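Throughout, read-outs are computed from the coordinates displayed, never taken from laboratory work. Predicted, not measured: the structure shown is a model, and the values here were computed from it. Cβ coordinates were reconstructed from backbone atoms using ideal geometry, including for glycine residues, and neighbour counts include every protein chain displayed.
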Amino acid sequence: MGEAKKISVVVPVYNSGKVLNDLFEAIDKVFTGINTPFQLVLVDDCSQDNTWEVIKELKQRNPGKITAIGMAKNFSQHNAIFCGLHHCTGDLVITMDDDLQHPPDEIPKLIQKQAEHNADLVYGVSAHYYRSAVRNATSKGFKATTRLTSAHYTGGSSFRILRRDLVKKLITHSQQFVFMDELLSWYTSKIEYVQVSHQPSKLGISRYSGGALVRLYFNLVFGYNATLLKMITYLGVSSSLISFLIGTFFIIKKLFFHVRIGFTGVVVSITFTGGVILLSIGIIGEYLRRMYSILNERPQYSIREILE
């Protein structure tokens with residue numbers, strides 16, 4: 001099933017106290033069945049319910065299997081995963097969500113696929129996802145945006161297995177905003193996929209609001225690629241060409257046809273050019289804001305408490 005001496009499972013946790021016991025029991029059953037030692041890293045992303053108390057109870061009952069990390073504030077799912085990667089000890093590392101949408105029973109498929117192809121990364125993907133229309137649309141947007149900067153990326157999910165060598169490369173990344181799939185596509189092209197089942201969330205509703213999804217998407221757009229800056233270049237060239245053609249048109253009408261031009265042409269030209277300039281300044285300003293944030297070295301995460 002796999003030659004790794006130990007496997008770490010990183011789970012970012014948020015307001016999921018009522019399902020964590022079921023999650024641990026399912027994961028423990030899987031690794032007992034394949035006779036493989038494991039480390040479960042639970043990263044509480046500053047939950048607002050009793051999640052941290054549940055994690056501590058699980059840790060007390062299973063001291064050798066769980067590493068519990070409590071974040072000082074909410075840093076988002078991807079940053080929580082990144083925090084967990086810093087505290088993994090396994091030769092292979094699995095990441096998965098806390099709501100049991102990806103059943104732990106599917107973990108052996110990831111392990112087997114990785115062993116067969118010696119892949120750096122294996123994604124567990126599903127033919128059908130039990131998600132809202134907004135989540136599905138946002139997921140497609142994330143994948144389309146990531147493809148702009150990586151020819152190797154063809155999709156992915158939060159259910160994945162990574163080699164230890166890849167994890168070591170990832171955790172050298174220092175940018176405050178973290179988007180795992182984009183980072184992974186930077187560091188390797190040895191990626192495989194395996195079909196797994198996907199179930200309705202045991203927590204009932206998504207913890208991502210519409211606003212949070214939009215913010216996450218804009219962070220990805222501005223944080224990991226320069227596509228919009230390239231668009232400004234093309235837009236500038238196009239607007240210059242259009243303005244030149246418009247100007248030439250009015251000059252010809254004035255010189256050869258003695259047509260009174262008036263203010264229409266001037267207003268159209270100024271409005272068009274001004275709009276392009278303001279849009280370009282706004283996009284450049286957003287990139288500069290993010291560069292300023294990076295220079296300030298804002299932390300990727302901050303740990304309040306850790307139980308190892």
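Figures for the structure shown
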quantity	calculated
Which of Met180, Met231, Met71 has the fewest Cβ neighbours within 10 Å, and the rest in rising order	Met231, Met180, Met71
Net charge of neighbours whose Cβ lies under 10 Å from the Cβ of Gly124, counting Lys and Arg as +1 and Asp and Glu as -1	+2
Net +/- balance of residues flanking Tyr187 in space, Cβ distance below 9 Å, scoring K and R +1, D and E -1	0
Residues in region 227-247 that a label on Met291 would reach, taking backbone N under 17 Å of a point 7 Å out along Cα→Cβ	227-233
